[in-house]
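The values are calculated or read from the model by the stated rules, or taken from the named source; none is laboratory data. Everything quoted here is computed from the prediction, not taken from an experiment. Methodologically, a virtual Cβ is constructed for each residue, glycine included, from the backbone with ideal geometry; neighbour enumeration extends over all protein chains shown.
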Amino acid sequence: MHIWGKMEESGINKYEEELKKPIIHKPLLHIECSLKEKSTCRFDTASHHVRLFLLENFSSLTLNTEFRNFEDEPLLMKHIEQIRVVEVSGSNKEILYLDEVDLDVHIYQLNNSLPFTNNFDDQDLEDGPMAIVTELPSLSLEGLWDNLIFEDNIKNNLLHFIHTVMLFSDKDVNFNIVTWNRLILLHGPPGTGKTSLCRALAQKLSIRLSNKFPRGRIVEVNSHSLFSKWFSESGKLVGKMFQQIHEMVEDEDSFVCVLIDEVESLTAARKAAASGLEPSDGLRVVNSLLTQLDKLKPHKNVFILTTSNLLEAMDPAFVDRIDIKQYVGDPNPDAIFAILRSCINELGRKGLIGDGIPVPSFTEASISLYSQPNSYSSRLYRIAVDCKGLSGRTLRRLPVLAHAKYLQRPCCTMDEMLCSLEKVVKEELEFSMKIC
């Protein structure tokens, strides 16, 4: 009995030691798969067949790989538009072996319905509707996330934060102990892509969370429309608008992103109002907004995305509620190169540049930057260096200006496009110097 007792005790100790060992999870490889417009395939069925297709045909996958040809897979050929290998969580590798990762397959079907306006009120508003509502994932936002180029890994940092919040919510972490508000602020100079990033993030989340929330929408709030010409009414308008948002999030199968652009117009510092520098109606707006944000906090299916060009103008109580304050500045030369490259390659795909040879990525182009200074990629990088200080919005307009001013025909050569870009960049910089 004594020996058996020792063996039993030893077994218990080993079991306890096993429990103490940390659970090591494999990196998570995210696969996004869009269904065809008229497909009626169930999401779980599509996910199962996509997973089998990848595991049976590939031992490894490379990030940013896209599949569109499914001739040997009848179900995929009938229902799947494309499969994309988009990113990996928990690893920095570009090539992933499938026995070393877990696959997370995200199935979605694009919504082609038009955005609709909502006044949340019966009165006519001089500054337009209070909000524009778009059903997600939207056809109009498809591809936006991939075409937004920022430095400092901004996009992935935002995704990781939201996944953390969703994980904590799923585990019912008490947010009175560990606190979060589901409130993000993107701030920085005009034209850097803050609003576009918010829309793209909402689209991305509706895809990533499709297993949890079958429906999604983004509510874009028109801040200026919330200020009434009638005294003391503005705070009530904010309350009415958020009451409608509350009704949306009551549907627990629906994921809602609220986008408040130029949020500083709603959150001007209350100190200024109290000192008489701002109208008291503005004070009511700030108080009403803070109250409504606090009421949304318990809901797991809503995120508030805000943008601002004037961080210093906002009320400290609002700033204190923000989970992530992300600065979005003008792009550096590497990011500028990537933006211009995406524009040039798009024109090539559409037949507007006749050479038909895509510009390589900067990683590839940097190898020949000095050994082949006259190559297309080297010339484009020198143009990118000259563009320092121009906003992302301006950069994406440059090919249009180059074509309109200097080309003016259906098809040109790469050399002609680059020469034209050099000219319009010089003109834009000269204009910027004049207005500074």
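Quick notes
- Checked against (1) out of contact with any His (no Cβ under 8 Å at 6 or more places or on another chain); (2) farther than 29 Å from LEU395 by Cβ, LEU259 passes all but a single condition, namely (2).
- Selection status of SER196, farther than 23 Å from VAL85 by Cβ, free of Cβ contacts under 8 Å to residues at least 40 places away in the same chain, assigned to a helix (DSSP H, G or I) and hydroxyl-bearing (Ser, Thr, Tyr): no
- Residue within the stretch 411-418 that is out of contact with any strand residue (DSSP E or B) (no Cβ under 9 Å at 6 or more places or on another chain), in a helix (DSSP H, G or I), of a type outside the set (Lys, Arg) and within 27 Å of LYS194 (Cβ to Cβ) present: no
- Selection status of SER47, within 26 Å of the chain's Cα centre (by Cα), at pLDDT 95 or above and among the hydroxyl-bearing types (Ser, Thr, Tyr): yes
- Residue match in the stretch 78-87 (condition: basic (Lys, Arg) and either modelled with pLDDT under 95 or surrounded by 15 or more Cβ atoms within 10 Å (Cβ to Cβ) (or both)): yes
- Flag for ILE339 being of a type in the set (A, V, I, L, M, F, W, C) and more than 16 Å from PHE150 (Cβ to Cβ): no
- When each of ILE162, ILE149 is tested for being part of a loop (DSSP other than H, G, I, E, B), aliphatic (A, V, I, L, M) and either buried (at least 19 other Cβ atoms within 10 Å of the Cβ) or modelled with pLDDT under 95 (or both), the lone residue that passes is ILE149.
- Residues in the stretch 299-320 that are of a type outside the set (A, V, I, L, M) and surrounded by 19 or more Cβ atoms within 10 Å (Cβ to Cβ): ASN301, PHE303, THR306, THR307, SER308, ASP315, PHE318.
- Tabulated pairs, the stretch 420-436, first touching a residue at least 40 places away in the same chain (Cβ under 8 Å), second buried (at least 17 other Cβ atoms within 10 Å of the Cβ) and not in a helix (DSSP H, G or I), C-beta under 6 angstrom, 6+ apart or interchain: VAL425/CYS387
- Residue within the stretch 359-371 that is at pLDDT 90 or above and not assigned by TED's automatic domain parsing to the domain that holds VAL173 present: yes
- Single condition GLY351 does not satisfy, out of (1) more than 22 Å from ASP330 (Cβ to Cβ); (2) in a helix (DSSP H, G or I); (3) out of contact with any Gly (no Cβ under 9 Å at 6 or more places or on another chain): (2)
- Residues of the stretch 226-283 classified as of a type in the set (Phe, Trp, Tyr), modelled with pLDDT under 90 and within 30 Å of LEU201 (Cα to Cα), total: 1
- Complete set of residues in the stretch 301-326 that are outside any helix (DSSP H, G or I) and either touching a Cys at 6+ places or on another chain (Cβ under 6 Å) or at pLDDT below 95 (or both): PHE303, LEU305, ASN309, LEU310, MET314, ASP315
- Against the conditions (1) part of a loop (DSSP other than H, G, I, E, B); (2) surrounded by 16 or more Cβ atoms within 10 Å (Cβ to Cβ), LEU186 satisfies every one except (1).
- Candidates SER371, SER377: the one that is assigned to a helix (DSSP H, G or I), of a type outside the set (A, V, I, L, M) and without any contact (Cβ under 8 Å) to a residue 60 or more places away in the chain is SER377.
- Considering (1) of a type in the set (A, V, I, L, M); (2) over 19 Å from ASN153 (Cα atoms); (3) not in a strand (DSSP E or B), the lone condition that ALA338 does not fulfil carries the number (2).
- Test for LYS171: is it crowded, with 16+ Cβ neighbours inside 10 Å and within 30 Å of THR45 (Cβ to Cβ): no
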